[in-house]
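I have placed the structure first, in the form of structure tokens, so that the comments after it can refer back to it.
Read the figures in this text as sums done on the coordinates, not as results from a lab. All values reported here derive from a predicted model rather than from experimental measurement. A quick note on method: Cβ atoms are made from the backbone with ideal geometry, for glycine too, and the neighbour counts reach across all protein chains shown.
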Amino acid sequence: MSDKTVISVDTAGGDKGPAVVLSGLAQSAKKNPDIAFILHGDEAELTKLLRRRKVLRDVCEIRHSDKVVAMDDKPSVVLRRSAGTTMMNALDCVAKGEADVAVSCGNTGALMALSMLKLRKAPGVDRPAIAVLWPSTSAHGYNIVLDVGADVRADDRTMAEFAVMGAEYARLSFDIARPRVGILNVGSEESKGRVEIRRASELVAKITPAAGDLEYLGFVEGADIVGDKVDVIVTDGFTGNIALKTAEGTATFISDSLRAAFTKSIMSRFAAAIAYTSLRRLQKRIDPRRVNGGVFLGLDGAVVKSHGSADATGVSAAVKLAFRMGKTNFAKRVAERVALLPEKRQTHEAGEGT
């Protein structure tokens, strides 16, 4: 597997079990011959599941573990009992350089806590963030929103870091040289919002091209998350997580409502048949599974958090994202950008002078 991008997978962390996780990995392996996996979970169960999936047999290595971090485990408890769990072992492979990226469908708080313990924060990063791709009307079809749950109380300096990390993620995802960045607020006027948000805006406006190479467009509002005004929306984890869960619920509501409306009568079924192609296109457009995968930014290693209830399609989407990160040495690129922020550079230079 030396010539492949290796992904370390916690197969036991999700709600639907290892079978669904391996189905997602199989989808990815069929599309991508340059990918390989280290699987962490019950060896007997994984061996049995691999027998049914020929496409995975030559690209998977099994590492046995029968200890699992539960979805309701508190991060403080997990930190004390993490040794030997599938989640910790998956991260350990990245820390040791055996894998390029770790992927888990498990407990988000526990995964972040263990990632910070095992991989540590990248040099110069104060707070890691979780970034997600968000369907939008932009030319590339998505915007990036961060943070969506890692840090519920981000201060001004932390949000400036988020702007730099988000811009680098936009370069990776959308192949744009100078991403447009905005800070989420209750209004676009400079006088709106909390003091921390206004201070963050001032700091982001001062970011040099060497550090961020971004175009800061000021405050944006909730409607801009799905619009074409900016490529990256920066917010704190509390607000971002609520927005994310609201969007996922809304997408499910729209999908279920359309299904109910078009199956209500013979005429509505006939109308659905006529509009089938357009309806399928819309379904794909708002399907949360196809953008599954939150990227942990600001760590000294690459980690992707898949949704706990992800099906095979969702797992495959998270793996696709992980592959891109591993292929481009993304974690190192982000750390290098953050280190060039003015206050980081001054602190580093002061340390060298002592």
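Taking the helices alone, the chain has a mean residue ellipticity at 222 nm of -15000 deg cm²/dmol, built from -39,500 (n - 2.57) per DSSP H run of at least 4 residues and averaged over all its residues.
To make sure I understand the rule: partners must be lysines, Cα under 30 Å from the Cα of residue 264, and not fewer than 8 residues away in the same chain. Which ones qualify? Once the sequence-local lysines are set aside, what remains near residue 264 is 245, 284. The listed peptides 260-273, 103-116, ordered by packing as a protection proxy, come out as 103-116, 260-273 (highest mean of other Cβ atoms within 10 Å first). The listed peptides 329-335, 4-10, ordered by packing as a protection proxy, come out as 4-10, 329-335 (highest mean of other Cβ atoms within 10 Å first).
Our note on the geometry: Cα centres of the range 182-253 and the range 290-341, 20 Å apart. Pairs from the table (96/327; 305/327; 4/48; 30/305) lying more than 20 angstrom apart at Cα are 4/48; 30/305. From most to least packed by mean Cβ count within 10 Å, the peptides 193-201, 247-255 give 193-201, 247-255.
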